[in-house]
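First comes the structure, then the notes that go with it.
The values are calculated or read from the model by the stated rules, or taken from the named source; none is laboratory data. Everything numeric here is computed off the predicted structure, so don't read it as measured data. Methodologically, a virtual Cβ is constructed for each residue, glycine included, from the backbone with ideal geometry; neighbour enumeration extends over all protein chains shown.
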Amino acid sequence: MGNNGKSVAVIGAGASGLMASWQAASLGARVVLFEKQRMIGRKLRATGNGRCNITNRNIDVSFYHGRNPRFVRNVFARFGLDETVAFFRGIGIPLVELESGRMYPASLQAASVTRIFEYELQRLGVDVRLHRRVERIDPHEGALRLTTAGQEREDFEAVILAAGGCAYPQLGASRSGYELASMLGHTVHEPFPSILPINITLKALHRLEGIKRDCTVSVMRSGRLADRSSGELLFTKYGISGPAALEVSRTVNESLESGEAPDIVIDFFPDMDTDELGSLLSELWSDVERPVALSLDGVLRDRLGETLVKIAGVDPAVPVKGLSVRQKTDIAGALKGLRLKPGAPRAFNEAVVAAGGVDVGELNPVSLESRILKGLHITGELLDIDGDSGGYNLQFAWSTGALAGIAASS
Ligand SMILES: Cc1cc2nc3c(=O)[nH]c(=O)nc-3n(C[C@H](O)[C@H](O)[C@H](O)COP(=O)(O)OP(=O)(O)OC[C@H]3O[C@@H](n4cnc5c(N)ncnc54)[C@H](O)[C@@H]3O)c2cc1C
């Protein structure tokens with residue numbers, strides 16, 4: 001342990017707190033890491049399906065959201081992708097790049113990342129205290145006093161609050177960090193779940209449970225396009241999931257949160273324009289005796305055609321010759337732009353990340369130090385910044401943790 005270094009407390013042994021502890025200790029600070037769970041990096045072990053998608057080659061501010069996503073640019077200017085890749089290589093974790101720029105430890109195992117952090121923190125003399133939930137942070141005689149649930153008290157020159165967001169409570173996530181930040185006077189924007197499946201109110205759609213198809217999903221707010229994603233869509237017994245749904249879930253939940261009722265529009269034929277789909281349908285409908293649902297079976301699997309015909313208000317058993325022009329238009333409309341209403345957001349226990357959190361305007365992006373309470377730094381998912389799927393959330397946790405650790409130790 002660095003003897004004469006500054007005393008730094010880190011709250012939370014997740015991605016951000018582990019990085020902060022490492023940086024502060026390696027610069028000579030005396031670091032105590034408080035973790036309320038029985039192990040370090042519990043969520044980290046589950047990331048990237050157990051492979052830990054550490055970062056993304058294409059890191060850019062456009063993959064981040066919140067009230068002030070430009071904050072990310074200032075953070076990455078000082079500790080970005082290159083610094084992160086070099087850091088991991090330096091501790092014996094070279095990264096490899098897999099699909100769409102996603103970077104993983106070469107071991108392809110998240111557990112190897114936590115094992116190496118465990119060793120590194122021990123090597124640097126970090127005092128890791130498990131089963132310690134910090135309940136209070138109070139200014140006390142020029143220092144910051146931490147109080148744990150067990151009523152232990154200790155004073156530090158700097159405190160790094162890296163307690164994470166409230167997504168995935170099954171892995172121990174809670175609202176504890178938001179509570180600590182707001183007790184100290186910080187503004188906390190109400191967290192809402194992001195990167196999760198979407199409830200759809202239309203019951204007829206729930207019959208499609210288990211069906212997958214490449215679609216384009218658009219989100220319309222007040223008649224204007226707010227978000228769009230193309231890729232695999234998975235129908236479920238309550239609505240939609242799969243990458244295309246997860247990618248637009250933030251926009252949907254953000255508008256629901258602000259009291260709007262957005263529309264979700266699904267294009268089942270994203271590779272064709274309306275005219276091309278029209279020609280295809282004319283061809284499929286050339287056998288006028290065929291029941292309309294069956295006429296679509298060659299292009300839409302399982303019950304998809306039949307269900308969409310029903311949703312368009314047409315009896316699926318009707319032969320093509322019985323369709324009015326209006327009914328044909330309605331069917332084509334359901335195939336190319338099925339308009340649906342989302343239900344209430346699904347719970348945090350399915351969300352990869354919590355959007356919302358501590359207002360970043362109250363922090364210095366160079367040091368992550370609070371402008372409200374000197375010596376307090378706040379990092380990671382707890383902040384009102386969230387990233388898309390693909391390594392962006394961990395990158396933000398590493399970068400903010402590193403800058404806070406460096407600043408707190410000096
Ligand atoms: C299933 C899943 C998979 C994911 N996969 C990826 C991925 O592959 N790539 C990616 O970029 N992102 C991924 N994410 C998101 C990413 O894991 C988080 O954004 C990231 O872990 C946030 O880091 P953090 O350090 O801010 O918080 P966390 O990692 O959540 O760590 C916070 C820690 O603080 C502790 N704590 C909280 N309150 C207190 C307290 N009062 N006292 C003491 N300790 C406390 C918690 O127990 C926890 O250990 C995934 C998320 C989930 C749920």
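Listed values, structure above:
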| item | result |
| --- | --- |
| Those residues of region 277-301 which are touching a residue at least 12 places away in the same chain (Cβ under 8 Å), of a type in the set (D, E, K, R) and either closer than 16 Å to A312 by Cα or surrounded by 15 or more Cβ atoms within 10 Å (Cβ to Cβ) (or both), in sequence order | R290 |
| Leading residue by the ranking (surrounded by the fewest Cβ atoms within 10 Å (Cβ to Cβ)) among those in region 145-166 that are within 23 Å of E257 (Cβ to Cβ) and either in contact with a strand residue (DSSP E or B) (Cβ under 6 Å, 6 or more places away or on another chain) or of a type outside the set (G, A, S) (or both) | C166 |
| Exclusive hit being crowded, with 17+ Cβ neighbours inside 10 Å and either more than 21 Å from C215 (Cα to Cα) or of a type outside the set (D, E) (or both), set K321, K336 | K336 |
| Search result, residues across region 40-90 that are among the polar types (S, T, N, Q) and under 16 Å from the mean Cα position of the chain (by Cα) | T47, N49, N53, T55, N56, S62 |
| Per-region count, region 167-193, residues under 25 Å from P342 (Cα atoms), buried (at least 23 other Cβ atoms within 10 Å of the Cβ) and within 10 Å of the ligand (Cβ to nearest atom) | 1 |
| Residues of region 125-141 satisfying the condition of being loosely packed, with under 15 Cβ neighbours inside 10 Å, at negative phi and part of a loop (DSSP other than H, G, I, E, B) | L130 |
| Test set (1) touching a helix residue (DSSP H, G or I) at 6+ places or on another chain (Cβ under 6 Å); (2) surrounded by fewer than 18 Cβ atoms within 10 Å (Cβ to Cβ) - R67 fails condition number | (1) |
| Some residue of region 385-392 being away from the ligand (no atom under 12 Å from the Cβ) and among the charged types (D, E, K, R) | no |
| Flag for S100 being modelled with pLDDT under 95, part of a helix (DSSP H, G or I) and within 14 Å of the ligand (Cβ to nearest atom) | yes |
